[in-house]
1. Using the Kyte-Doolittle scale, which helices in the chain average at least 0.5 and also have C-alpha atoms spread 18 Å or more along the helix axis, with helices defined as whole DSSP H runs?
2. Excluding residue 90 itself, calculate the net charge of residues whose Cβ lies under 12 Å from the Cβ of residue 90, where each Lys or Arg counts +1 and each Asp or Glu counts -1.
3. Short version: what are the Cα gyration tensor semi-axes of the range 1-88, square root of 5 times each eigenvalue, largest first, in whole Å?
4. In terms of the Cα gyration tensor, with a ≥ b ≥ c the square roots of its eigenvalues, is the range 41-124 rounded because a/c is under 1.5, prolate because a/b exceeds b/c, or oblate?
5. Which value, to two decimals, describes the C-alpha radius of gyration of the range 105-169 once divided by 2.2 N^0.38 Å?
6. What dipole magnitude, in Debye to the nearest 20, does the chain give about its Cα centre under +1 on Lys/Arg Cβ and -1 on Asp/Glu Cβ?
7. Keeping every protein chain present and rolling a 1.4 Å probe, give me the accessible area per residue for the chain in Å².
8. Compare the peptides 38-46, 50-58 by average per-residue count of other Cβ atoms within 10 angstrom and give them in order, highest first.
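The values are calculated or read from the model by the stated rules, or taken from the named source; none is laboratory data. Just so it is clear, the structure is predicted and the values come from calculations on it, not from any experiment. Note: ideal-geometry Cβ built from the backbone for every residue, glycine included; neighbour counts use all protein chains shown. Ligands, DNA and RNA are stripped out before the accessible areas are found, and what is left, the full protein with its side chains, is counted by its heavy atoms. Shrake-Rupley method; radii C 1.70, N 1.55, O 1.52, S 1.80 Å.
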Amino acid sequence: MSLLRTVGRPMLASMFVAGGLHSLRRPGDVAPAAEPIVRPVTERVTALPDGTEQLVRLNGAVQVAGGVLLGLGRFPRLAALAVATTLVPTTLAGHRFWEAEDPAERAQQRIHFLKNLSMLGGLLIAADDTGSAPSLLWRSRHAARGVRHDARLVRRSVRATARPAATAGGVRAKLGR
C-alpha cells in the first residue's frame, strides 16, 4: 500500500469515528436536527426504526465501524461506501444553510455543508480506489478479451486444417481407400 493511502485513510476516517461516537453517546444532541430528514425516510423505508434517536445511534454506529475499518485499511472500499451513505443524511440534517436566517449562521452552515460535500467526494474516491490492484471489472473485461482471442485462434486453426483435411479425404475417396 502506498504511503498516501496509509496516511490518508486514517485522516479521512478520523472525523467519522469522532462524530459517530458523539452520535452513539449523545443522540439527543443530534436528534432535533435530524428529525426533518428522519420522518420522510422512515415512512418510505419500513425496515428502519421509527425513533429518531435510534436512527441517530444507528447512523453513528455505521460511521464508527466504517471509519475504523477505513482507517485500518480493512475492506476500505466497502467502509468508504458505508460512511459515504451515512454522510448524506447527516449533511442534509445538520447543515441546512438555506433555512438559516442569520447571515453569519448561514455562512457557517454553508461552510460545513461544503466541507461535508468535499468529504463525500473523498469517500467516493476511496470507494473506487483499488489500491493499485486491478478492479473486478477490469479483470472480467481482460478475461473476456482473452477468451475472445483464444476463440479466434481456434477458429483460424480449424479453418486452416479443415480445407487440407477435406481435400485429403476427397483424394482418399477417389483412390478407394
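1. On the way: long enough: 3-25 (33 Å, 0.69); 27-44 (25 Å, -0.25); 52-72 (30 Å, 0.89); 76-94 (26 Å, 1.14); 103-128 (37 Å, 0.12); 136-175 (58 Å, -0.43).
Passing helices, by number: 3-25, 52-72, 76-94.
2. Working: positive: 96, 115; negative: none.
Overall, the nearby charge balance is +2.
3. Details: eigenvalues 147, 35, 16 Å².
Taking √(5λ) for each eigenvalue gives 27, 13, 9 Å, largest first.
4. Details: a/c = 2.57, a/b = 1.28, b/c = 2.01.
Note, shape of the range 41-124 comes out oblate.
5. Working: Rg = 27.2 Å, N = 65, 2.2 N^0.38 = 10.7 Å.
Dividing the Cα radius of gyration by 2.2 N^0.38 Å gives 2.53.
6. Details: 25 positive and 12 negative charges, 506 e Å.
Charge dipole of the chain: 2420 debye, to the nearest 20.
7. Details: 12010 Å² over 177 residues.
Roughly 68 Å² per residue, with all protein chains present.
8. Values: 38-46: 11.6, 50-58: 18.2.
The most tightly packed comes first, giving 50-58, 38-46.
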